[in-house]
Amino acid sequence: MLKLLKRFFQNYTLLNPSQSIVTEEKLYYQKVTSETELKSFLDKLWASDDFAFAIGLSEDNQINQLSFSFAPSSAYQFDFNLFSLAPTQVLEALQDIWTNGFLAKKVHDSKQALTLLNNFYQKLNNSTQESPIIYFENITEDTLLAAYLLNPEESRYSLRELAQEYLGISSDRFSQYDNADITGRLAIVLRKRLQEMGLEDIYLKLELPLVEIIYDMERVGIKVDSQTLLELSQTFEEELKRLSAEIYQLAGQEFNINSPTQLANIFEKLNIVISRKTPTGKVSTSADVLEELATQYELPKKVIDYREIAKLKNTYIDALPKLINPKTGRVHTTINQTVAATGRLSSSNPNLQSIPVNSVLGRNVRKAFIAGDGYVLLSADYSQIELRLLAHIAKDEKMTEAFQRGEDIHTKTAKEVFGAQSEEELKAKRRLAKSTNFGIAYGVGAFGLAQRVGISRSEAKEAIEKYYTTYTGVRHYMANIPEQGRQQQGIVKTIFGRIRKLTDLNNSNHNLRTRAEREAINAPI
């Protein structure tokens, strides 16, 4: 405690009381408004071991504020509207601190901070080069990433919300505090929680180092061939016209194919019975329903084709050319590190992760993404990675031995579970075996498997039972993981130690509980 107090007063004995904001908590926030005060601040900063910082933005998303905190309840604040020097002079004076590896830095959302500062320094230096001006060296804390690891089911991790949850600072009092001060305090509390939950390793070795890589991916973007997209747009438009005519002929009238209500009315008119309803009680025309109907009727099959083409055209083919950055000639997506509860990365504005790969049409769209001059695009995928992980985690001897011998696991399952012997039987049963292998890895039940492979629920139930009889380690794992989660207040861990908080494992509602059980089974994989 004495050491902390000594450090506090060493840093703040020169504060001007007239410039400091003091509340009941005695917050020492000094506004830096002159060149002399800037020099004094820099002397203290270079003498410190670490600091927390925060960036404030104007309405047009330009940097107009910076704040730094060396200790709790204190901060140095730069408001460019009050400063005697131009913002460019301030940020130029600060440029070297970001890349200094001896200064440990704490921030909330380091990727956004890196983006904002580089955008500013690009303008400051009138730089036209694509490479960034700065990278952060020695970011030891990112409170956004820490909060995400501790509670991945959440969707919001703002400083205001985290301050209330972890520091007890209510929302109506939050504006009294400096963001750098809040960030510094949170960093201490969250790091302790990470240690307690066994999450410090993944935080330091995976999440923090990944930020710079993701930033580079966003900055570089991906090149798109506009001419290919234009040609595809024309081709897809003709295909939509052809499908529309065929759908109208089968329906006996024209209607809005994109309207679920009008489509349901057409089905009713044609005596196509749909038993499934939406949550609001209307007849469902979802993709799953149409897939079922397509095995019996031609109209639903045509509607499925129409929807796929329309989605590809509207979401990618016609939209991507408008999203090409005129300076770089590339599309720059946002890669989200703290959105998916499973720990996966997601993509938005635009979403470049959901372009279909299994259909010919989807593969045609992917051809529009091209490498820059002198480069090639490399596409790589792990072979049956989910099942290899399942074999390892479940300690299933038969499955593990099959992989070690280099056997095709789907062929093995077709033989041992579904009794396939001849070449013809193997061809027919391998598809069923593949769907069963991956379905069970993701916790699918008899109903889900029946839908996937087009068999009855009783046949699917029998197939799953045969599967568990063959792969006994998998059966034990499937039963054990949800139970372990219940005993740990809904917490399930991945192979890297990442946690999922599945509180519905103890829910009395059957649907919610079984969904949580499927998520628990899938989480470690």
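The values are calculated or read from the model by the stated rules, or taken from the named source; none is laboratory data. Here the structure is a predicted model, which means the values were calculated and not measured. Cβ atoms come from the backbone with ideal geometry, glycine included; neighbour counts cover every protein chain shown.
For the range 280-308, which residues satisfy the criterion of being more than 18 Å from residue 456 (Cα to Cα) and part of a helix (DSSP H, G or I)?
The first filter runs over the range 280-308 and keeps only residues more than 18 Å from residue 456 (Cα to Cα), leaving 280-287, 297-308.
Matches in the range 280-308: 287, 298, 299, 300, 301, 302, 303, 304, 305, 306, 307, 308.
Quick grid of which residues meet (1) farther than 21 Å from residue 430 by Cα; (2) modelled with pLDDT of 90 or more; (3) not hydroxyl-bearing (Ser, Thr, Tyr):
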| residue | (1), (2), (3) |
| --- | --- |
| 452 | no, no, yes |
| 460 | no, no, yes |
| 470 | no, yes, no |
| 477 | yes, yes, no |
| 480 | yes, yes, yes |
| 485 | yes, yes, yes |
| 497 | yes, yes, yes |
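Just the residues that are over 25 Å from the mean Cα position of the chain (by Cα) and either of a type in the set (S, T, N, Q) or under 21 Å from residue 211 (Cβ atoms) (or both), please, taken from the range 140-178.
The first filter runs over the range 140-178 and keeps only residues over 25 Å from the mean Cα position of the chain (by Cα), leaving 167-178.
Within the range 140-178, 170, 171, 175, 176 qualify.
Does residue 89 count as surrounded by 18 or more Cβ atoms within 10 Å (Cβ to Cβ) and either out of contact with any helix residue (DSSP H, G or I) (no Cβ under 6 Å at 6 or more places or on another chain) or farther than 20 Å from residue 177 by Cβ (or both)?
For residue 89, the condition - surrounded by 18 or more Cβ atoms within 10 Å (Cβ to Cβ) and either out of contact with any helix residue (DSSP H, G or I) (no Cβ under 6 Å at 6 or more places or on another chain) or farther than 20 Å from residue 177 by Cβ (or both) - is not met.
Considering each residue of the range 26-45, count those that are of a type outside the set (Ser, Thr, Tyr), out of contact with any helix residue (DSSP H, G or I) (no Cβ under 8 Å at 6 or more places or on another chain) and in a helix (DSSP H, G or I), and give that number. Spell out how you get there, then give the answer.
Going through the range 26-45, the residues of a type outside the set (Ser, Thr, Tyr) turn out to be 26-27, 30-32, 35, 37-39, 41-45.
Restricting the remaining residues to those that are out of contact with any helix residue (DSSP H, G or I) (no Cβ under 8 Å at 6 or more places or on another chain) gives 26, 35, 37, 39, 41, 43.
The next check asks that each one be in a helix (DSSP H, G or I); those that pass are 35, 37, 39, 41, 43.
The total comes to 5.
Do you know which residues across the range 34-80 are among the aliphatic types (A, V, I, L, M) and surrounded by 17 or more Cβ atoms within 10 Å (Cβ to Cβ)?
Residues of the range 34-80 that are among the aliphatic types (A, V, I, L, M), as a first pass: 38, 42, 45, 47, 52, 54-55, 57, 63, 66, 71, 75.
Matches in the range 34-80: 38, 45, 52, 54, 55, 63, 66, 71, 75.
Quick check on the range 343-385: of everything there that is part of a helix (DSSP H, G or I) and aliphatic (A, V, I, L, M), which residue is nearest to residue 215 (Cα to Cα)?
Within the range 343-385, the subset part of a helix (DSSP H, G or I) is 360-366, 385.
Cutting the leftovers down to aliphatic (A, V, I, L, M) gives us 360-361, 365, 385.
Working: 360: 32, 361: 31, 365: 25, 385: 27 Å.
Top of the filtered list is 365.
Looking at the range 55-75, is at least one residue under 28 Å from the mean Cα position of the chain (by Cα), under 25 Å from residue 189 (Cα atoms) and assigned to a strand (DSSP E or B)?
First, the residues of the range 55-75 that are under 28 Å from the mean Cα position of the chain (by Cα): 55-63.
Among the residues that remain, those that are also under 25 Å from residue 189 (Cα atoms) are: 55-56.
From what is left, the residues that are assigned to a strand (DSSP E or B) are 55-56.
Yes, the range 55-75 contains a residue that is under 28 Å from the mean Cα position of the chain (by Cα), under 25 Å from residue 189 (Cα atoms) and assigned to a strand (DSSP E or B).
On the given criteria, is residue 304 free of Cβ contacts under 8 Å to residues at least 40 places away in the same chain and more than 30 Å from residue 494 (Cβ to Cβ)?
Values: free of Cβ contacts under 8 Å to residues at least 40 places away in the same chain: yes; more than 30 Å from residue 494 (Cβ to Cβ): yes.
In short, yes.
Could you check, for the range 181-195, whether at least one of its residues is touching a helix residue (DSSP H, G or I) at 6+ places or on another chain (Cβ under 8 Å), touching a residue at least 12 places away in the same chain (Cβ under 8 Å), surrounded by 15 or more Cβ atoms within 10 Å (Cβ to Cβ) and within 30 Å of residue 318 (Cβ to Cβ)?
There is no residue in the range 181-195 that is touching a helix residue (DSSP H, G or I) at 6+ places or on another chain (Cβ under 8 Å), touching a residue at least 12 places away in the same chain (Cβ under 8 Å), surrounded by 15 or more Cβ atoms within 10 Å (Cβ to Cβ) and within 30 Å of residue 318 (Cβ to Cβ).
Could you please tell me which pairs satisfy a Cβ distance under 7 Å, a separation of 6+ or placement on different chains, a first residue in the range 203-224 that is on the phi > 0 side of the Ramachandran plot, and a second residue that is among the aliphatic types (A, V, I, L, M) and at pLDDT 95 or above?
221/331
Would you tally the residues in the range 369-407 being touching a Phe, Trp or Tyr at 6+ places or on another chain (Cβ under 8 Å) and within 22 Å of residue 324 (Cβ to Cβ)?
1
Give me the pairs, please: first residue somewhere in the range 66-84 and touching a residue at least 40 places away in the same chain (Cβ under 8 Å), second residue anywhere and outside any strand (DSSP E or B) and among the acidic types (Asp, Glu), beta-carbon distance under 6 Å, and either six or more positions apart or on two chains.
67/178; 69/181; 75/178; 75/181
How about the range 235-263: which of its residues are assigned to a helix (DSSP H, G or I) and either outside the structural domain of residue 286 (by TED's automatic domain parsing) or of a type in the set (D, E, K, R) (or both)? I'd like the intermediate steps shown before the answer.
Of the range 235-263, the ones assigned to a helix (DSSP H, G or I) are 235-251, 260-263.
237, 238, 239, 241, 242, 246, listed by residue number.
I'd like the residue in the range 385-403 that is of a type outside the set (A, V, I, L, M, F, W, C) and out of contact with any His (no Cβ under 8 Å at 6 or more places or on another chain) and, out of all such residues, is nearest to residue 331 (Cα to Cα). Break it down into steps so the answer makes sense when it comes.
Step one: filter the range 385-403 for residues of a type outside the set (A, V, I, L, M, F, W, C), giving 386, 388, 392, 395-398, 400-401.
Still in the list and also out of contact with any His (no Cβ under 8 Å at 6 or more places or on another chain): 386, 388, 392, 395-398, 401.
Details: 386: 31, 388: 35, 392: 39, 395: 44, 396: 44, 397: 46, 398: 46, 401: 45 Å.
By that ranking, first place goes to 386.
Are there any pairs, at least 6 apart or on different chains, whose C-beta atoms fall under 6 Å, with the first in the range 359-371 and closer than 11 Å to residue 224 by Cβ and the second surrounded by fewer than 18 Cβ atoms within 10 Å (Cβ to Cβ) and among the acidic types (Asp, Glu), and if so, which?
Final answer for the pair search is 368/225; 370/225.
Going by the structure shown, is residue 321 buried (at least 16 other Cβ atoms within 10 Å of the Cβ) and within 19 Å of residue 245 (Cβ to Cβ)? Walk me through how you get there before you give the answer.
Working: buried (at least 16 other Cβ atoms within 10 Å of the Cβ): yes; within 19 Å of residue 245 (Cβ to Cβ): no.
No: the conditions fail for residue 321.
I need the full set of residues from the range 110-151 which are surrounded by fewer than 19 Cβ atoms within 10 Å (Cβ to Cβ) and at pLDDT 90 or above, in order please.
Matches in the range 110-151: 112, 115, 116, 137, 138, 140, 151.
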